[in-house]
Amino acid sequence: MKLTYDKSMITEEYHAKAVEAFKALHNGTGEGNDFLGWLDVSISNEEIAKIKKAATKIRNSSDVLIVIGIGGSYLGARAAIEALSHHFFPKNVIFAGNNLSSDYMNDLLDFIKDKDVSLNVISKSGTTTEPAIAFNILKKWMDEKYGESAKERIYITTDKEKGILKEQADREGYETFVVPDDIGGRYSVLTAVGLLPIAAAGINIDKILEGARKAKVAFAELENNACLEYATLRNILYGQGKKIELLVNYEPKMHYFTEWWKQLFGESEGKEGKGIFPAGVDNTTDLHSMGQYIQEGERHLFETVIHIENPYRDIEIHCDEKKLQFLDGKTLNEVNRMAMQGTAIAHTNGKVPNLMVTIEKLDEESIGELIYFFEKSCGISGYMLGVNPFNQPGVEAYKKEMFRLLGKGE
Ligand code: PA5
């Protein structure tokens with residue numbers, strides 16, 4: 001993967017800040033340093049084997065796996081599965097417990113009516129309301145359908161020893177997977193949190209880990225480090241009043257990758273009255289909805305474009321229509337690429353700075369690489385901003401008010 005940007009943007013002052021942040025991350029001397037387990041991509045071979053075994057069992061026994069989790073407990077898996085699957089063929093991994101919609105839950109119950117189902121409940125704390133309710137409802141459904149053997153179909157990913165989910169798993173005899181103590185939700189996709197659902201979707205997790213480990217080596221040193229450069233650029237642009245970053249894709253499969261990225265940066269940096277607001281657009285679709293604003297609205301935006309060089313399959317366009325003659329003989333991907341280049345020029349001219357992250361192909365390895373690249377960039381960027389990128393104290397506020405309204409006691 002390659003980061004492209006206007007080199008003249010980098011200043012000595014911000015480079016020095018980035019170096020300091022990089023060292024704090026590597027030496028474990030910054031805030032939140034007990035949550036740096038993801039830096040090493042150190043999942044053991046035993047854990048990988050256990051994940052693969054469970055994934056095979058799920059695929060053999062179930063039409064669908066329902067992944068119950070919210071925030072960092074599902075977004076990474078969903079991002080990877082969407083990015084690496086067919087756009088239209090139905091997926092065998094679906095998601096619940098990431099909202100409180102009764103229509104969603106009832107529709108899900110309709111959908112699974114005649115299906116064989118497994119559940120993977122993912123919650124580090126074990127107490128999060130949305131997944132707890134979804135599990136409560138779906139567990140009843142499982143017990144009614146499968147009786148005693150329901151437990152063979154329920155997999156719990158949670159803390160290694162504490163929490164009600166762990167207690168319940170031990171009591172009922174569910175197979176468990178561990179969310180490591182030193183890895184927070186939004187940095188956990190390369191643990192069992194993300195890897196079990198991804199493997200259950202039939203995706204090669206070894207290759208994802210290979211990509212992440214390749215990135216770990218590539219971004220280990222201070223020199224020529226794209227993570228350091230991206231973090232530096234973000235902070236420079238933020239200092240210039242660019243308070244919103246749009247992650248831009250030209251590939252619909254990347255929609256959920258953007259959702260994962262939004263959470264990663266939003267929850268890591270948005271605190272103490274600071275932080276770039278992370279948003280996203282799916283182009284060219286959104287050029288026809290958000291394009292006007294991006295081109296001519298308030299100048300507080302910059303864009304990071306994910307450019308995928310080669311599609312898996314291309315298709316040639318044949319046009320007899322006079323007005324469309326200029327397209328005749330071109331391929332769809334060529335047109336998509338020109339749209340991307342043209343948009344980057346127009347937006348840059350319109351004072352929306354553009355950074356570009358290029359990958360050769362949208363495959364397992366590049367997804368692993370991108371995950372690691374953004375995680376490490378986020379750690380450096382958060383330290384540069386002067387916040388703890390590994391906590392999320394603000395998430396508690398809505399829960400407190402919701403519990404008060406629901407009459408929950410202490
Ligand atoms: O990144 C985070 O830490 C959060 O988004 C959590 O993943 C999310 O709040 C869910 O928490 P839990 O896994 O404890 O249910």
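The values are calculated or read from the model by the stated rules, or taken from the named source; none is laboratory data. Keep in mind that this is a model prediction, so the values were computed, not measured. Counting neighbours? That spans all protein chains shown, and the Cβs are built from the backbone with ideal geometry, glycine included. In case anyone asks, the SASA skips ligands and DNA or RNA and just uses the protein heavy atoms, side chains included. Shrake-Rupley method; radii C 1.70, N 1.55, O 1.52, S 1.80 Å.
With the Cα gyration tensor of the stretch 275-336 giving a ≥ b ≥ c as the square roots of its eigenvalues, does the rule (a/c under 1.5 for rounded; else a/b larger than b/c for prolate; else oblate) give rounded, prolate or oblate? Oblate, because a/c is 1.5 or more while a/b does not exceed b/c. DSSP beta bridges confined to the chain are antiparallel in about 10 percent of cases. Go ahead and set up a Gaussian network model of the chain, Cα springs under 10 Å, then flag whichever of 114, 159, 363 fluctuates most. Evaluated over the chain, the most mobile residue of the options is 114. Computed with a 1.4 Å probe over protein heavy atoms only, the accessible surface of the chain comes to 47 Å² per residue. Residue 111 contributes about 100 Å² of solvent-accessible surface, heavy atoms of the protein only, 1.4 Å probe.
Quick one: among 382, 163, 147, which has the greatest mean-square fluctuation in a GNM of the chain with alpha-carbon springs under 10 angstrom? Highest fluctuation among the options: 147.
With the full set of protein chains in place, find how many percent of the accessible area of the chain is carbon and sulfur; take the probe as 1.4 Å.
52
Against the main long axis of the alpha-carbon atoms of the chain, helix 12-27 sits at an angle near 20°.
The angle between the Cα long axis of helix 102-112 and the longest principal axis of the Cα atoms of the chain comes to about 70 degrees, rounded to the nearest 10.
Using only side-chain charges placed at the Cβ, +1 for Lys and Arg and -1 for Asp and Glu, the dipole size of the stretch 304-359 relative to its Cα centre rounds to 280 debye. Taking all protein chains as they are arranged and a probe of 1.4 Å, the heavy atoms of residue 400 leave approximately 150 Å² accessible to solvent.
For the Cα atoms of the chain, what angle does the longest principal axis make with the long axis of helix 255-269, in degrees from 0 to 90, nearest 10? Relative to the chain, helix 255-269 is tipped by roughly 90 degrees.
How large is the dipole of the stretch 1-90 about the Cα centre if only Lys and Arg carry +1 and Asp and Glu carry -1, each at its Cβ, rounded to the nearest 20 debye? Walk me through the numbers before you get to the answer.
Working: 10 positive and 11 negative charges, 112 e Å.
Result for the stretch 1-90 is approximately 540 debye, rounded to the nearest 20.
Remark: the stretch 232-244, residue by residue, has Karplus-estimated 3J(HN,Hα) of 4, 4, 4, 6, 5, 5, 4, x, 8, x, 8, 8, 10 Hz, where x stands for each Gly or Pro and the curve is 6.51 cos²θ - 1.76 cosθ + 1.60 at θ = phi - 60°.
Where both bridge residues fall in the stretch 247-339, DSSP classifies roughly 25% of the beta bridges as antiparallel.
What does the C-alpha gyration tensor say about the overall shape of the stretch 37-96? Classify as rounded when a/c is under 1.5, otherwise prolate if a/b is larger than b/c, or oblate.
Numbers: a/c = 1.85, a/b = 1.27, b/c = 1.45.
In terms of gyration-tensor shape, oblate.
Remark: the stretch 369-382, residue by residue, has Karplus-estimated 3J(HN,Hα) of 5, 5, 4, 5, 4, 6, 4, 5, 4, 5, x, 5, 4, x Hz, where x stands for each Gly or Pro and the curve is 6.51 cos²θ - 1.76 cosθ + 1.60 at θ = phi - 60°.
Under a 5 Å amide H cut-off, with hydrogens placed 1.01 Å from N, residue 96 pairs with 67, 68, 69 among residues at least 5 apart or on other chains. Peptide packing: for 258-270, 285-297, the average count of neighbouring Cβ atoms within 10 Å per residue gives the ranking 258-270, 285-297, highest mean first.
Our coupling estimate for the stretch 386-402, obtained by passing each phi through the Karplus curve with A = 6.51, B = -1.76, C = 1.60 and θ = phi - 60°, is x, 10, 8, x, 10, 10, 8, x, x, 5, 6, 4, 5, 5, 4, 5, 4 Hz, Gly and Pro reported as x.
Close amide H partners of residue 280, meaning residues 5 or more places away or on another chain with modelled amide H under 5 Å apart, are 247. The amide H of residue 154, built 1.01 Å from its N in the peptide plane, has 119, 175 as neighbours under 5 Å, considering only residues 5 or more places off or on other chains. When you filter the chymotrypsin sites (Phe, Trp or Tyr not before Pro) in the stretch 1-88 for DSSP loop state and at most 11 other Cβ atoms inside 10 Å of their Cβ, you are left with 88.
By average Cβ neighbour count within 10 Å, what is the ranking of 314-327, 174-187 from highest down?
Numbers: 314-327: 9.8, 174-187: 21.1.
Taking the mean over residues of other Cβ atoms within 10 Å, the ranking is 174-187, 314-327.
Which pairs in the list 162/400; 243/271; 50/399; 113/151; 271/376; 207/253 are over 25 Å apart, alpha-carbon to alpha-carbon?
Details: 162/400 22 Å; 243/271 14 Å; 50/399 34 Å; 113/151 19 Å; 271/376 19 Å; 207/253 19 Å.
Beyond 25 Å between Cα atoms: 50/399.
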